[in-house]
Amino acid sequence: MAKLDPQAKADALATPKYVIAERGTLILQSVLSHPNETGEQLQSRVAEPILSVLQKYADQGYIVLEAARDENNNYVVAALPDGARNITKELADAIDQAEVDAKKKAEAGNAK
């Protein structure tokens, strides 16, 4: 990866970067699909992976916009700048991976 000169780096950091995420939708889907989970299980399987992905983008200088969809499947965001990236799939993948990890951990515990 090429290094940026100090002015180019300052310019890149000064230019706002945006991503969008449908976090609420993912949380609701996850809670509904696992109704018997405890708060602790939901924390480790849903909240922690989401916070990890959000932190990754914040650390890269992105502004994360919470988004929702209306009844016509249109995003409900007042304004969305050019170049905004949707990271909802990445959040969903993080939740899925946490679920796989939890299952493996449970299976390993049952094998003892």
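The values are calculated or read from the model by the stated rules, or taken from the named source; none is laboratory data. Just so we're clear, the structure is a prediction, and the values are computed from it rather than from any experiment. Methodologically, a virtual Cβ is constructed for each residue, glycine included, from the backbone with ideal geometry; neighbour enumeration extends over all protein chains shown. In case anyone asks, the SASA skips ligands and DNA or RNA and just uses the protein heavy atoms, side chains included. Shrake-Rupley method; radii C 1.70, N 1.55, O 1.52, S 1.80 Å.
Taking the Cβ of A68 as the centre, find all other residues whose Cβ is under 15 Å away and add up their charges (Lys, Arg: +1; Asp, Glu: -1).
Working: positive: R23, R69; negative: E22, E66, D70, E71.
After counting each charged neighbour, the total is -2.
On a full-extension model of 0.36 nm per residue, what is the gain between S52 and R69, subtracting their alpha-carbon distance, rounded to one decimal in nm?
Using 0.36 nm per residue and subtracting the Cα-Cα distance, I get 3.8 nm.
Could you look at the range 25-106 and say what percent of its accessible area is carbon and sulfur, using a 1.4 Å probe and all protein chains?
About 54 percent, which is the carbon plus sulfur part of the accessible surface.
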